[in-house]
Amino acid sequence: MATAQDARVARYDVPIYGSDVSGRYIGAHCEGVEVLELAILGLLQEAPMHGYELRKELATKLGTLRAAISYGTLYPTLKRLKLTGWISEAEANNDEIVPPMTSKRGRVVYKITAEGKERFAELLAATGPETYDDAGFGVHFAFFSRTDRATRLRILEGRRRRVEERREGLREILTRAADRLDAYTLELQRHGLDACEREVRWLEELITNERSGRTPAFRQRAGYTGVANPAPAGGTPPAGTAPPEPPRPYSDRP
């Protein structure tokens with residue numbers, strides 16, 4: 001028989017759904033400074049940027065970071081990266097790349113250093129448990145084109161294990177506490193379970209592609225504008241469709 005504790009766990013250990021494709025992985029749930037370091041260093045390796053442009057690129061390429069990447073968190077991180085010698089800064093000489101700001105900070109351009117490139121490579125090669133959670137996996141996946149196949153495969157397999165554990169937890173909750181939940185909470189739990197099952201299938205497809213040396217192709221449907229680097233989605237869409245929208249992040253339980 002389900003206990004009151006089961007019901008409480010079932011009610012709150014549920015993904016929150018939204019329309020941001022990559023927000024589930026790196027949106028409002030960035031855990032640890034290394035996730036943000038990896039994102040910033042990766043973007044600065046593409047090109048020097050001022051803070052306004054960098055924040056815009058973080059939102060465009062890596063999801064709508066909103067609360068996670070505000071000016072209040074971005075600039076302190078940039079300052080710390082500068083102190084460690086991983087980035088440098090200089091005042092922009094070209095007014096065309098500077099947004100209409102009056103502050104001096106808005107005219108500073110950040111560049112990655114040689115030491116920063118080494119740090120980026122070090123972070124990119126990481127395959128520990130932190131790369132399996134929602135935040136770490138999303139950022140690492142965004143830079144998979146610069147990651148070797150063995151590393152990609154380890155991260156994908158680790159992520160699959162993490163989602164499988166989450167899926168089994170939801171199944172157990174539904175089995176033990178279904179009769180104690182109201183209809184809407186129960187439906188939300190089922191929705192979360194379905195999302196986990198779809199993501200496992202999607203990850204299995206990616207793992208198969210990596211093992212066979214194939215690169216996943218972006219599948220576009222009619223009327224869909226598409227994106228340059230589609231972020232991880234929660235399932236395997238049928239041929240001719242774009243990846244489905246996954247749920248937003250929620251904290252992993254031990």
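From the set of residues in region 179-210 that are charged (D, E, K, R) and modelled with pLDDT under 95, which is nearest to V163 (Cα to Cα)? Among those residues, the one meeting the criterion is R190.
State all residues of region 159-173 that are at pLDDT 90 or above, farther than 19 Å from T127 by Cα and of a type in the set (A, V, I, L, M); if no residue qualifies, say none. L170 - this is the single residue of region 159-173 that is at pLDDT 90 or above, farther than 19 Å from T127 by Cα and of a type in the set (A, V, I, L, M). Would you mind stating whether E245 is charged (D, E, K, R) and modelled with pLDDT of 50 or more? Considered against the rule, which asks whether it is charged (D, E, K, R) and modelled with pLDDT of 50 or more, E245 comes out as no.
Give the residue that is surrounded by the most Cβ atoms within 10 Å (Cβ to Cβ), with candidates limited to residues of region 178-194 that are of a type outside the set (A, V, I, L, M) and in contact (Cβ under 8 Å) with a residue 24 or more places away in the chain. Looking at the filtered set, the residue picked out is G192.
Of the residues screened, D95 is not one that is at pLDDT below 95, under 22 Å from the mean Cα position of the chain (by Cα) and of a type in the set (D, E).
Has region 149-163 got any residue that is in contact (Cβ under 8 Å) with a residue 60 or more places away in the chain, under 22 Å from L58 (Cα atoms) and within 19 Å of the chain's Cα centre (by Cα)? Checked against the condition, which is being in contact (Cβ under 8 Å) with a residue 60 or more places away in the chain, under 22 Å from L58 (Cα atoms) and within 19 Å of the chain's Cα centre (by Cα), region 149-163 yields no hits at all.
Each residue in region 152-201 was checked for being within 20 Å of P129 (Cα to Cα) and among the aliphatic types (A, V, I, L, M), and 5 of them qualify. One residue stands out in region 83-92 among those that are at pLDDT 95 or above and not in a loop (DSSP other than H, G, I, E, B): the one that is nearest to I155 (Cα to Cα), namely I87.
Consider K117 carefully, then state whether it is loosely packed, with under 13 Cβ neighbours inside 10 Å, modelled with pLDDT of 85 or more and within 17 Å of L41 (Cβ to Cβ). No: the conditions fail for K117.
The values are calculated or read from the model by the stated rules, or taken from the named source; none is laboratory data. Keep in mind that what you see is a predicted model, and the values were worked out from it rather than measured. When we count neighbours, we look across all protein chains shown, and the Cβ atoms used for this are built from the backbone with ideal geometry, even at glycine.
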